[in-house]
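Only one structure is covered here, and it is reproduced in the block below.
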Amino acid sequence: MSVLVYTESDQGVLKKAALEVASYAKAIANKLNTTVTAVAINANNTDTLSKYGVDKILNISSTELENFNAKGYADALKQAAEKAEAKVVVLSSSANSKYLAPLLSINLDAGYVSNVVEVPTEVAPLTVKRSAFTNKAFEIAQINSDIKIIGLSNNAFGLVETSADTTTEDFTPALSNLGVTVDAVDKASDKVTIADADIVVSAGRGLKGPENWGMIEELADVLGAATACSKPVSDLGWRPHGEHVGQTGKPVATNLYIAIGISGAIQHLAGVSASKIKVVINTDPEAPFFKAADYGVVGDAFTVIPELITKLKAFKAQ
Amino acid sequence: MNILVCISHVPDTTSKINFTDNDTTFDTNGVQFVINPNDEFGLTRAMWFKEKQGAKVTVINVGGAETEPTLRKALAIGADAAIRINTAATDGLTVAKQIANVIKNDNYDLIISGRESIDYNGGMVPGMIAALIDANFVNTCTSLEIDGTQAKATREIDGGIERITTSLPLVIGGQKGLVEESDLKIPNMRGIMMARKKPLQVVEPIESSAKSNSIKFEKPAAKGAVTLVDANNLDELINLLHNEAKAI
Ligand SMILES: Cc1cc2nc3c(=O)[nH]c(=O)nc-3n(C[C@H](O)[C@H](O)[C@H](O)COP(=O)(O)OP(=O)(O)OC[C@H]3O[C@@H](n4cnc5c(N)ncnc54)[C@H](O)[C@@H]3O)c2cc1C
């Protein structure tokens, strides 16, 4: 028996979320007095996993799985779970993991709980805390099936180093018809994504028009941050839909969220409030976002942001 | 084409979230319920297929009688028929199993669900349905075209989009992008009148046991007061973010 964790990679490189779910799987394995088995698919740098408590790696290399395919990946994980005799399977909250998790749940006849934010408080029955109502509440849930799948919220647990004597084994799952073919992937490879970013710089209607986003991108660049926006900004076509964050857009659970010219409507706040530190820059001292923020600057983005960029550059140069 | 649209009955996005019965039950007092926003995009896309390519659109919900006004609203928007499976939607798996059972009896080509509901945020119903009926599945689907039995879709991924080819029968977990916000349909008077005459079938549930259950709810801890920094003293902001928050 082992705790199975799917450690995701992007273009052969393990993602930070992979190290986080490995750390989390190790914490559960400690509670259950068992080991951690990681599954890596077409990843090259799996050595890193020995720093995060992984005892065994099942290494899958497959040209069929070169593009992500939820069914194929779920098939592979099912077979890995059976091989490791796993009773608990840990996944991240990436778009891909959330895509495959329900399929895996049916494959393994396992109960699945998503958006989990802590280590289980009890192991029998397995009891977890998850976010619900778009971060407006937490739900305590029990999973009572034999095999259990936990989807961990991004940045909820963090990275915890534990060194391990890791063994690696090549694993070749049998794949059935994949059903879905990827024709093309449109992705800016040089930009950090909202899901993976430690810092997100987000701007709203206060920016007045798409032509003013240069300073937002520059600020994001200086901080190594991803860019995001409020819903009306994407509805107006000022920014792509993929940047829309909030209750009906992407969730943000980052370390630092900087909101510029965003009023802080309830639907916006719900989707971003899982971020640890929130900074608000807004001309209106009455903007509701200040009530949900850790740090605030009452001021005009058109003067504050260029100055902040200059000062941050100087700070970074130190 | 025979299309089934899964409709989740959820509290309006501005609702205050409170709990009763010793924090075990969502307090519906004073809460207004709406069609789950992700499902609304899917329903509007289904209406587009109906108008442009010919389709029968059925909407389905798993829930008690209190969800019927939400199904009627979907009928007023233009769906042809509605089904309510008469049982509490206790967890995602139960909902998926009940809906999959209806699909097995009725043969749908395309099943449109939202990628997640905004109340419990489980994000599992569409994928579970697909696995239960062995159909193809596209999650976080932001566009969909159907030509015969072939489908072209785009999917939102972290940091971009993926262009996909697949075939019917197909389940999608939909979201904004399937149609634009401005194309969302609002029921008009005629639609509301017609909806009253459209069939709303109540189906009894099949036996199914949940694999997870909800024990209790908690509200997040209250937030401390904001630290305001003068716009003329941004060095202080950098200092706080670096030394106090350790965020940069
Ligand atoms: C069903 C539903 C779902 C929704 N989902 C979402 C969602 O997921 N995400 C989301 O974001 N919204 C969502 N909304 C919309 C939400 O209610 C707000 O309308 C939206 O968040 C407002 O965006 P904003 O803050 O950019 O614009 P506004 O509310 O117009 O705020 C602009 C802000 O900019 C400030 N400002 C103006 N000029 C300057 C300047 N020069 N410098 C600095 N500040 C300035 C103003 O003081 C103001 O506070 C949803 C709404 C509904 C009904």
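The values are calculated or read from the model by the stated rules, or taken from the named source; none is laboratory data. None of the values given here were measured: they were computed from a predicted structure. Positions of Cβ are backbone-derived with ideal geometry, glycine not excepted, and every protein chain shown enters the neighbour counts. When the accessible area is computed, the model is the full protein with side chains, heavy atoms only, and any ligands, DNA or RNA have been set aside. Shrake-Rupley method; radii C 1.70, N 1.55, O 1.52, S 1.80 Å.
Per-structure values
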item: Estimated [θ] at 222 nm from DSSP helical runs (n ≥ 4, -39500 (n - 2.57)) normalised by residues in chain A, nearest 500; result: -8000 deg cm²/dmol
item: Accessible area expressed per residue, region A:199-317, with surrounding protein chains retained (probe 1.4 Å, Å²); result: 36
item: Estimated distance in nm for a label pair at B:K185 and B:D147, the labels positioned 7 Å out from Cα along Cα-to-Cβ; result: 2.5
item: Of A:L175, A:L58, A:L104, the one that fluctuates the most in a GNM where chain A has Cα springs shorter than 10 Å; result: A:L175
item: Value of relative contact order over chain A, rounded to a whole percent, pairs C-alpha under 8 Å and six or more apart; result: 14
item: Mean Cα-pair separation over length for chain B, i.e. relative contact order, pairs under 8 Å, 6 or more apart, %; result: 23
item: Counting all C-alpha pairs of region B:49-173, share separated by more than 20 Å (%); result: 46
item: Shape metrics for region A:2-170, restricted to C-alpha atoms - Rg then Dmax, Å; result: 14.5, 43
item: Cα-based Rg / Dmax (Å) for the protein assembly as shown; result: 23.3, 72
item: Charge dipole (the protein assembly as shown, unit charges on Cβ, about Cα centre) - positive-most of B:S209, B:T28, B:T140; result: B:T28
item: Residue-level accessible surface for B:T70, protein heavy atoms, 1.4 Å, Å²; result: 10
item: Largest-first principal axis extents of the Cα set of region A:199-317 (Å); result: 38, 28, 25
item: Exercise: per-residue mean of other protein chain Cβ atoms within 10 Å, A:114-122; result: 1
item: Shielding by partners - mean other protein chain Cβ count within 10 Å, residues of B:124-131; result: 6
item: Members of A:K15/A:K98; A:K16/A:K51; B:K16/B:K219; A:K16/A:K136; A:K31/B:K211; A:K71/B:K104 lying beyond 23 Å, as alpha-carbon distances in this model show; result: A:K16/A:K136
item: Residue of A:E139, A:E307, A:E85 that the Gaussian network model of chain A assigns the largest fluctuation, springs spanning Cα pairs under 10 Å; result: A:E307
item: Cα-based convex hull, chain B, per residue volume (Å³, whole number); result: 188
item: Rough spin-label spacing in nm, given labels placed 7 Å along Cα→Cβ, for B:K52 and B:N107; result: 2.6
item: Cα pair distances in chain A, grouped into 10 Å bins until the bin that holds the longest one, percent each; result: 6, 25, 30, 23, 13, 3
item: Accessible carbon and sulfur surface of the protein assembly as shown relative to its total accessible area, %, 1.4 Å; result: 48
item: Inter-site label distance for B:A221 and A:V123 at 7 Å from Cα along Cβ, in nm; result: 2.7
item: Paramagnetic reach from B:N233 in region A:290-318 [backbone N under 16 Å; point 7 Å along Cα→Cβ]; result: A:295-299
item: Residues B:R196 and A:F302, FRET efficiency given R0 of 45 Å [Cβ-Cβ distance, rounded to 0.05]; result: 0.25
item: Longest DSSP-loop-exposure-free segment, GluC sites (Glu not before Pro), chain B, at most 14 other Cβ within 10 Å; result: B:1-179
item: For region B:101-174: rounded, prolate or oblate by the Cα gyration tensor [a/c cutoff 1.5]; result: oblate
item: Loss of accessible area when A meets B, both sides summed, Å² nearest 100, probe 1.4 Å; result: 6800
item: Region A:64-152: C-alpha gyration tensor shape, a/c 1.5 cut-off, then a/b vs b/c; result: oblate
item: Relative contact order (%) - criterion: Cα under 8 Å, at least six apart; region: region B:102-217; result: 25
item: Neighbour-limited loop hits for GluC sites (Glu not before Pro), region A:1-70 (at most 16 other Cβ within 10 Å; DSSP other than H, G, I, E, B); result: A:E64, A:E66
